[in-house]
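Comments concern the structure below.
Nothing in this text is a laboratory measurement; each read-out follows from the coordinates by a stated rule. Only a predicted model underlies this, so the values are computations on that prediction, with no experimental measurement involved. Reconstructed Cβ throughout: ideal geometry from the backbone, glycine too, with neighbour counts over all protein chains shown.
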Amino acid sequence: MTLQQIRDRAEAQLKASGIEEYKREARLIISEYTGFSGADLILKPETALERSAEEKIISALSRRTAGEPLQYILGHWEFYSLDFEVCPGVLIPRPETELLAQLVIKKAQEINRARLLDLCCGSGCIAVAAAKNLNDAEVYAADLYDIPLKMTKRNAGINGVSIAALKADALGVPPAELGGDFDIIVSNPPYIPEGDMPSLQREVRLEPESALNGGNDGLMFYRLICRNYTALLKPGGMLAFEVGIAQADAVSGIMRESGFEDICRIADYAAIDRVVYGTLNRRSS
């Protein structure tokens with residue numbers, strides 16, 4: 001089979017299964033298993049594939065058309081111009097989360113030896129991006145589950161950064177090992193309302209429910225992180241969240257009631273408020 005033939009097959013299969021970005025996904029799958037670039041697919045259409053590469057592509061297409069997320073099939077994904085391993089059991093890094101990482105990096109650059117905690121770290125994408133772009137920061141990543149902590153450590157190694165990865169329950173009492181005096185706490189917590197879980201896209205439903213389900217109204221983690229982790233912040237420290245659609249008002253209110261001020265929002269590229277952040281009132285601790 002030639003590059004052109006496998007490309008035609010891939011696009012047809014993906015399109016027939018209802019995948020909107022079928023051309024892009026076909027290109028990514030083919031490139032992953034052949035090493036050919038997108039330009040090669042256009043410039044070298046008659047190149048013959050090795051049998052092993054052809055079989056891997058066909059297997060990947062079957063998995064994708066069955067609803068498995070592309071990122072899990074490839075085993076890695078780009079975030080903040082860095083490569084991250086991903087696997088079932090961790091939330092897939094998303095473009096809107098880069099806004100949160102960008103905010104944290106910018107704020108930490110203004111602080112000498114910033115002390116930063118990424119809570120509900122998942123793949124470690126925020127913590128690793130921060131550590132990669134900050135020369136002198138002390139970066140911690142925390143999650144309740146073993147797979148995210150394992151992935152965070154692996155991704156720190158892949159990207160050549162040092163991170164302290166610890167087990168912690170965002171809904172409970174912080175472990176003593178975290179210490180305190182953080183300049184920044186950042187979190188992309190589960191925020192899907194429980195009643196909305198069954199209606200999620202089939203690909204999203206294959207991501208870990210523990211990384212998606214935000215309780216009855218989707219706000220459980222925001223309330224309990226503010227209640228349990230605010231004490232770990234320095235007075236004047238920043239707490240920053242990613243939020244779901246139409247949650248910015250509620251999360252701003254929760255933060256305000258927990259002693260935060262100067263609360264701001266950042267909208268994503270679709271003009272949806274996706275990041276809410278504020279500073280801890282210096283009289284609150």
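General observations
- Overall form of region 56-147 per C-alpha gyration tensor (a/c, 1.5; a/b vs b/c): prolate
- Calculated FRET value between Asn281 and Glu46, using beta carbons and R₀ = 51 Å, to 0.05: 0.15
- Low-density loop cleavage sites - GluC sites (Glu not before Pro) in region 10-85, where at most 14 other Cβ are within 10 Å (DSSP): Glu20, Glu21, Glu46, Glu50
- Which of Ile192, Asn135, Leu233, positive extreme of dipole for the chain (C-beta unit charges): Asn135
- Glu177-Ser62 pseudo-label distance in nm [points 7 Å out on the Cα-to-Cβ vector]: 4.1 nm
- Global geometry of region 163-285, whether rounded, prolate or oblate, following the gyration tensor of its Cα atoms and the 1.5 cut on a/c: oblate
- Kyte-Doolittle mean at least -0.5 and Cα axial length at least 15 Å: DSSP H helices in the chain: 97-108, 146-158
- Extension gain, Ala246 to Lys106: 0.36 nm times the residue separation minus the Cα-Cα distance gives 47.9 nm.
- Förster radius 35 Å - calculated FRET efficiency between Ala271 and Arg227 (Cβ-Cβ, nearest 0.05): 0.70
- Stokes-Einstein diffusion coefficient of region 3-66, Kirkwood radius over Cα pairs, 25 °C, 0.890 mPa s, in µm²/s: 214 µm²/s
- Only the Cβ atoms of Lys and Arg (+1) and of Asp and Glu (-1) were treated as charged; on that basis the dipole of region 76-280 about its Cα centre amounts to roughly 300 debye.
- Answer label, with log10 I(q)/I(0) by the Debye sum over Cα atoms at q = 0.08, 0.16 Å⁻¹ calculated from the coordinates and candidates (1) -0.38, -1.20; (2) -0.43, -1.26; (3) -0.34, -1.36: (1)
- Calculated [θ] (222 nm, deg cm²/dmol) that DSSP helices of n ≥ 4 give over the chain, each run adding -39,500 (n - 2.57): -11500 deg cm²/dmol
- Using C-alpha pairs under 8 Å with a sequence gap of at least 6, the mean separation divided by the residue count of the chain gives a relative contact order of 13 percent.
- Averaging the Cα positions of each part gives two centres, and for region 18-79 and region 97-164 these lie 30 Å apart.
- Distance violations [Cα-Cα > 28 Å] among Lys107/Lys167; Lys107/Lys153; Lys23/Lys107; Lys44/Lys150; Lys44/Lys153: Lys23/Lys107; Lys44/Lys150; Lys44/Lys153
- Note on Lys15: aspartates and glutamates with a C-alpha under 18 Å away, same-chain residues under 8 apart excluded, are Glu25, Glu68, Glu203.
- Cα-centre dipole for region 3-66 with unit charges at Cβ (Lys and Arg positive, Asp and Glu negative), debye to 20: 100 debye
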